[in-house]
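Input: a single structure, listed below in structure tokens.
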């Protein structure tokens, strides 16, 4: 090839390559701009708000049959769902007979809708809006709404809650366990865990297997093992709601029957209808302890939802190589960075009735050797270290505290929520933004009115 041909080749090849690169860059910018325009459009905001309103309406209807916990998971914490709308709703509204027909509507969950709404606010309301003095109020308002959405996201992803039940402090009474009236732990409302307990005579070592690892036991045998344990545990026939029943002529078992060495008929787990409100269910499963590939022991683990005042537990216990172990299916246990002691519970009824007009708990918060007194009652929770303690219930419910009977106990809801106060701050920001916008609008109106009057 001659030098002339070489020059020609380079002149032909090089320029198109640069042009193609610029074309691809321009095309990518064009696609990005189109995405930005869609995300920031007012039309998208309207569509998202309509979908959010529809989800709220359908979710409210679904709570009647599905319960709050299930509906919240399906409609507001998911990426998508198939909503069912009975035609009987329209029939009732028109005064006609109910219809068994159901309309199924595919919808996005509130989770992606809120993400898109946040992006719409961020891009459309803050980046595309002209940064001028007259728009300061609008910008601040958008910041407040965005903060409100972020607070909801943080609560969804990083918060958890449970129950804490305490007796009144016995004030020197003997024979009462300290943990009955003072505790630094609370239990989940819905989620279970399997605890492996090892009793060495002085302390109990505890290992926890989360429910996510147990869920497969509904359909198959799940093997749980650790390198430092001389055995493995096989879990099977996991039931979301059940109760232990003795084997007998009047009871039919669809699950394995656990026989005992004393010749008794044994017990089995009887499946029960799963309650939509998951906190009302009592889960259970069968456990098999394997040593060197052979069955060593087997039994039932049962997550009995005991009364809050009942602190007794009945784990499945066994021995391997002279060491005692236990398996306990229980609600997830959370730790508090402080302890709460119930000093006194007070209930005041409406005159002539047994309906509570006011009830509150006088507690002592113990944190690193320091004590602080506090009251917990309706709309006045205890807040400390990202934890919020609410007053929810009490007992005994009927007849008050009987003479010579058990003392009052109080039930609290404990919530860990890093963004607990963020909605309040967001409302302050939104209020400031709306106020500034109104003031600026009013100022411009007064100026224009004065100018018109002077001109006339």
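The values are calculated or read from the model by the stated rules, or taken from the named source; none is laboratory data. For clarity, every value in this text was computed on a predicted model and none was experimentally measured. So basically every Cβ, Gly included, is an ideal-geometry build from the backbone, and we count neighbours across all protein chains shown.
Within segment 68-81, the set of residues being surrounded by 18 or more Cβ atoms within 10 Å (Cβ to Cβ) and either more than 14 Å from residue 156 (Cα to Cα) or assigned by TED's automatic domain parsing to the domain that holds residue 279 (or both) comprises 71, 81.
State whether one or more residues within segment 102-114 are in a loop (DSSP other than H, G, I, E, B), under 30 Å from residue 333 (Cα atoms) and modelled with pLDDT of 90 or more. Yes.
Filtering 230, 244 for residues that are assigned to a loop (DSSP other than H, G, I, E, B), under 30 Å from residue 322 (Cα atoms) and modelled with pLDDT of 85 or more leaves a single hit, 230. The set of residues from segment 332-357 being more than 27 Å from residue 170 (Cα to Cα) and in a strand (DSSP E or B) comprises just one member, 332. For segment 197-210, the count of residues that are within 23 Å of the chain's Cα centre (by Cα), at pLDDT below 85 and either over 17 Å from residue 315 (Cβ atoms) or not in a strand (DSSP E or B) (or both) is nonzero.
The C-beta contact set for segment 46-68 (first residue on the phi > 0 side of the Ramachandran plot, second residue surrounded by 16 or more Cβ atoms within 10 Å (Cβ to Cβ), distance under 8 angstrom, 6+ apart or interchain) comprises 67/276; 67/278.
Residue 238 meets all of the listed conditions (1) surrounded by 15 or more Cβ atoms within 10 Å (Cβ to Cβ); (2) farther than 30 Å from residue 386 by Cβ; (3) within 26 Å of the chain's Cα centre (by Cα); (4) modelled with pLDDT under 90 but one, namely (4).
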